[in-house]
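The values are calculated or read from the model by the stated rules, or taken from the named source; none is laboratory data. These numbers come from a predicted model, not from an experiment. Note: ideal-geometry Cβ built from the backbone for every residue, glycine included; neighbour counts use all protein chains shown.
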Amino acid sequence: MATMNNSVLDRASEPETAANNSNLDSLPKPQVIYRCKKCQRLVASAENIVSHERGKGEQCFKWKKRSGDPFEREPAECSSIFVEPMKWMQTVQEGFVGEKLQCMGCKARLGSFNWAGMQCNCGTWVNPAFQLHKSRLDECLI
Ligand SMILES: [Zn+2]
Ligand SMILES: [Zn+2]
């Protein structure tokens, strides 16, 4: 059941419609924002997301494929999001090439980054990579 449903975040090219309608009537498309799970600080919103194609499981992990392990071949659900470098990422500002990403508010570790790229658990390489773990974030629709 592979739905190619990663379009929510990259519909940037919709034509401008009449600006007369009040925002209250025409329901805006839901926008995703991500908050630190611990302190609810806003860490990323939809426009910061760098989307990537889901890896193709078997092909990507061929090099470490083990026979008889069916789980190895399933394209995994991405367990993290990738974003563009942002102001709150202190270790990025400090000039590291690759480091942890900590919440500016509560110092919780939210992910990590590497200018040379990192591999999502779905198998796709993203570079440069600023990876935030979904498990550390609250995903909200606004
Ligand atoms: Zn992925
Ligand atoms: Zn926090």
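At a glance:
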item	result
Residue 124 vs. criteria under 17 Å from the mean Cα position of the chain (by Cα) and of a type in the set (Ser, Thr, Tyr)	yes
Unmet requirement for residue 87, which otherwise passes all of (1) closer than 15 Å to residue 43 by Cα; (2) modelled with pLDDT under 95; (3) not hydroxyl-bearing (Ser, Thr, Tyr)	(2)
Residue 134, sole failed condition from (1) closer than 22 Å to residue 52 by Cα; (2) more than 16 Å from ligand 2 (Cβ to nearest atom); (3) of a type in the set (D, E, K, R)	(2)
Pairs, first within 11 Å of residue 113 (Cα to Cα) in the range 81-95, second of a type in the set (D, E, K, R) and not in a loop (DSSP other than H, G, I, E, B), C-beta under 6 Å, six or more apart	91/99
